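In what follows, a structure is listed as structure tokens, so that the remarks can point back to it.
The values are calculated or read from the model by the stated rules, or taken from the named source; none is laboratory data. Everything numeric here is computed off the predicted structure, so don't read it as measured data. Note that we place each Cβ from the backbone using ideal geometry, even for glycine, and neighbour counts take in every protein chain shown.
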Amino acid sequence: MVIGSEILSEKQMILIGILVVIFVVFAVLVNLLDNKSLNGIKAKKIGDGQHGTARWATKSEIKQTFIPLPFEPEKWRKGENLPAIQGTVIGCRGSGKKAVALVDDGDVHTLMIGAAGVGKTAYFLYPNLELACASGMSFLSTDTKGDVARNYGTIAKKYYGYNVSVLDLRNPTRSDENNILHLVNKYMAMKTRNISSSVSIRRTALRKAQVWG
């Protein structure tokens, strides 16, 4: 092959061919990847996903996702009709004695966001604590103002037999105590008593053997 006045060798022609193939492959890959990026949806009409696809769930989707549970705290506190399911109460239907809670029994994380006074504690946290107590779940609750301990700590202990412990970071001396070495001391004392009793039994046996000898 001749270019101008220069004659290309066979190796140079092969190198040029490889570079051309690499350029073509690169151009094809860029074109394919560009269609899957955000640049590919800019030219599409509004509503095709560029502003998100979140929407309200339909009634059929709510039925498939959440479990309806009659919310009966008055009966639960008497030990009647205790719920067999455990989960998160994400809403309800009806009101009063006819209220039906919508429970998500999946292994999920829930985030509740709301301004002060909208009812995050009264209308979201308290129903979930009631269900947790009635279904026998163990749980840990942060309580910056002490309302949860005063209101539902008493209910959990009185009606559901829970052992409620409070960790007060403002007044540590008011916290419930828990000596994690209690069992260690207990079993060491038992072991010491067992050793002492075995030694006394051995001494008694030796004395009897000396008397009979």
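On the given criteria, is Leu125 among the hydrophobic types (A, V, I, L, M, F, W, C), modelled with pLDDT under 90 and surrounded by 11 or more Cβ atoms within 10 Å (Cβ to Cβ)? When the stated conditions are applied, Leu125 does not pass them.
Residue pairs whose Cβ atoms lie under 8 Å apart, separated by 6 or more positions or on different chains, with the first residue in segment 168-195 and under 23 Å from Asp147 (Cβ atoms) and at pLDDT 80 or above and the second in a helix (DSSP H, G or I) and among the basic types (Lys, Arg), are Asp168/Arg174.
Among the residues of segment 135-159, the one identified as aliphatic (A, V, I, L, M), free of Cβ contacts under 8 Å to residues at least 24 places away in the same chain and surrounded by 12 or more Cβ atoms within 10 Å (Cβ to Cβ) is Ala149. Whenever a residue of segment 84-105 is touching a residue at least 24 places away in the same chain (Cβ under 8 Å), its partners that are assigned to a loop (DSSP other than H, G, I, E, B) and among the acidic types (Asp, Glu), lying with C-beta atoms within less than 7 angstrom and at least six residues away or across chains, give the pairs Ile85/Asp105; Gln86/Asp105; Gly87/Asp105. Counting only residues that are surrounded by fewer than 19 Cβ atoms within 10 Å (Cβ to Cβ) and closer than 21 Å to Lys157 by Cβ, segment 82-95 holds 2 of them. Across segment 83-101, the number of residues qualifying as in a loop (DSSP other than H, G, I, E, B) and more than 16 Å from Phe139 (Cβ to Cβ) comes to 4. Selection of first residues in segment 112-134 that are within 16 Å of Lys145 (Cα to Cα) and of second residues that are of a type outside the set (Gly, Ala, Ser) and surrounded by 18 or more Cβ atoms within 10 Å (Cβ to Cβ), restricted to Cβ pairs under 9 Å at least 6 apart or on distinct chains, gives the following pairs, ordered by first then second residue: Thr121/Val148; Leu125/Val148; Leu125/Tyr152; Tyr126/Val148; Tyr126/Tyr152.
In segment 128-167, the qualifying residues are those that are farther than 23 Å from Pro83 by Cα and charged (D, E, K, R), and the one that is modelled with the lowest pLDDT is Lys145.
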